[in-house]
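Enquirer: Could you have a look at this structure, given as structure tokens, before my questions?
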Amino acid sequence: MLTVDAKESGLFQEIGELVKPLGLCLVESSDAVHQGTHHMRVVVCRPDAEVNTDDLASAYNIIYPRYSVIFGDRDLELEVSSPGLQRSFKDVIEFSIFNGKLVRAYSVSLSSYVTGRIIEAGEESVTLGDAEIENGGDKRDRITLAYSDISKAKLEYRWEA
């Protein structure tokens, strides 16, 4: 099930502001302490292009010094990565982050996967364009799915045209 926690997370907001001047969007952030080491995981994307290693290095160089000072009493292990081609969504905020991208979501009410391009991501629902409902092969110009109706979703990548 998708969460709605990212908007309320202080860490998510803070790191999002750090990477914004680099032209990056924050997709996910998490931190945990294990055996005296502070582990942080950050996933970033670029709205207008694919993320490259220079983008990841820039994000790392902005985030690491700040949090190594904040967590001065612990070792810091930081991982900065891209979302990948077929990222499984964890939070509903990802629908707005990946606006315009192809997505595959499971609709509980339709008992089927729906594949389409994200046209609009609102507060309560997402609208997909050129949508295809897999069970039955029904195609629609657009379909709106409530977030509460979506049990899982991921980015869809077409390997062949």
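The values are calculated or read from the model by the stated rules, or taken from the named source; none is laboratory data. If you're wondering where the values come from, they're calculated on a predicted model, not measured in any experiment. Methodologically, a virtual Cβ is constructed for each residue, glycine included, from the backbone with ideal geometry; neighbour enumeration extends over all protein chains shown. These accessible areas exclude ligands, DNA and RNA; they are computed on the full protein's heavy atoms, side chains included. Shrake-Rupley method; radii C 1.70, N 1.55, O 1.52, S 1.80 Å.
Enquirer: Return the residues of region 20-65 that are part of a strand (DSSP E or B) and either open to solvent by 80 Å² or more (accessible area, probe 1.4 Å) or of a type in the set (Lys, Arg) (or both); say none if nothing qualifies. Break it down into steps so the answer makes sense when it comes.
Expert: To start, the set of residues in region 20-65 that are part of a strand (DSSP E or B) comprises 25-34, 37-45.
Residues satisfying the conditions are His34, Arg41.
Enquirer: Can you run down the residue pairs with Cβ atoms below 6 Å, 6 or more apart or on separate chains, where the first is in region 1-17 and more than 15 Å from Ile62 (Cβ to Cβ) and the partner is small (Gly, Ala, Ser) and open to solvent by less than 40 Å² (accessible area, probe 1.4 Å)?
Expert: Partner pairs satisfying both residue conditions: Phe12/Ala6; Phe12/Ser29.
Enquirer: All but one of (1) open to solvent by less than 60 Å² (accessible area, probe 1.4 Å); (2) touching a strand residue (DSSP E or B) at 6+ places or on another chain (Cβ under 7 Å); (3) in contact (Cβ under 8 Å) with a residue 24 or more places away in the chain; (4) not hydroxyl-bearing (Ser, Thr, Tyr) hold for Ala121; which doesn't?
Expert: (2)
Enquirer: Moving on to the next point. Could you please find all residues in region 81-109 being part of a strand (DSSP E or B), open to solvent by 50 Å² or more (accessible area, probe 1.4 Å), without any contact (Cβ under 8 Å) to a residue 60 or more places away in the chain and out of contact with any Gly (no Cβ under 9 Å at 6 or more places or on another chain)?
Expert: Of the residues in region 81-109, the ones part of a strand (DSSP E or B) are 81, 88, 91, 102-107.
With the extra rule that they be open to solvent by 50 Å² or more (accessible area, probe 1.4 Å), the set shrinks to 88, 104, 106.
Applying the additional criterion that residues be without any contact (Cβ under 8 Å) to a residue 60 or more places away in the chain yields 104, 106.
The one that is part of a strand (DSSP E or B), open to solvent by 50 Å² or more (accessible area, probe 1.4 Å), without any contact (Cβ under 8 Å) to a residue 60 or more places away in the chain and out of contact with any Gly (no Cβ under 9 Å at 6 or more places or on another chain): Tyr106.
Enquirer: Answer with yes or no whether Asp141 is open to solvent by less than 100 Å² (accessible area, probe 1.4 Å), over 18 Å from the mean Cα position of the chain (by Cα) and either touching a residue at least 40 places away in the same chain (Cβ under 8 Å) or farther than 15 Å from Arg104 by Cβ (or both). I'd like the intermediate steps shown before the answer.
Expert: Working: open to solvent by less than 100 Å² (accessible area, probe 1.4 Å): no; over 18 Å from the mean Cα position of the chain (by Cα): yes; either touching a residue at least 40 places away in the same chain (Cβ under 8 Å) or farther than 15 Å from Arg104 by Cβ (or both): yes.
Criteria not met by Asp141.
Enquirer: Further question: Based on what the data block shows, is Arg158 in contact with a strand residue (DSSP E or B) (Cβ under 9 Å, 6 or more places away or on another chain), of a type outside the set (S, T, N, Q) and not in a strand (DSSP E or B)? Quick ask: steps written out before the conclusion?
Expert: On the way: in contact with a strand residue (DSSP E or B) (Cβ under 9 Å, 6 or more places away or on another chain): yes; of a type outside the set (S, T, N, Q): yes; not in a strand (DSSP E or B): yes.
Yes; evaluated as a whole, the condition is true for this residue.
Enquirer: I've got another one for you. Confirm whether Tyr67 is closer than 27 Å to Gly100 by Cβ and modelled with pLDDT of 90 or more.
Expert: Working: closer than 27 Å to Gly100 by Cβ: no; modelled with pLDDT of 90 or more: yes.
Spelling it out, it is not the case that Tyr67 is closer than 27 Å to Gly100 by Cβ and modelled with pLDDT of 90 or more.
Enquirer: Name every residue in region 66-80 that is part of a loop (DSSP other than H, G, I, E, B) and closer than 18 Å to Ser9 by Cβ, in order of residue number. First the steps, then the outcome.
Expert: Going residue by residue through region 66-80, those that are part of a loop (DSSP other than H, G, I, E, B) are 71-74.
Across region 66-80, the qualifying residue is only Phe71.
Enquirer: For region 5-19, give me the residue count where each residue is loosely packed, with under 12 Cβ neighbours inside 10 Å and not basic (Lys, Arg). Please lay out each step first, then the result.
Expert: Within region 5-19, the first condition is being loosely packed, with under 12 Cβ neighbours inside 10 Å, and the residues that meet it are 7-8, 10, 17.
Adding the requirement that they be not basic (Lys, Arg) leaves 8, 10, 17.
The number of residues fulfilling the criteria is 3.
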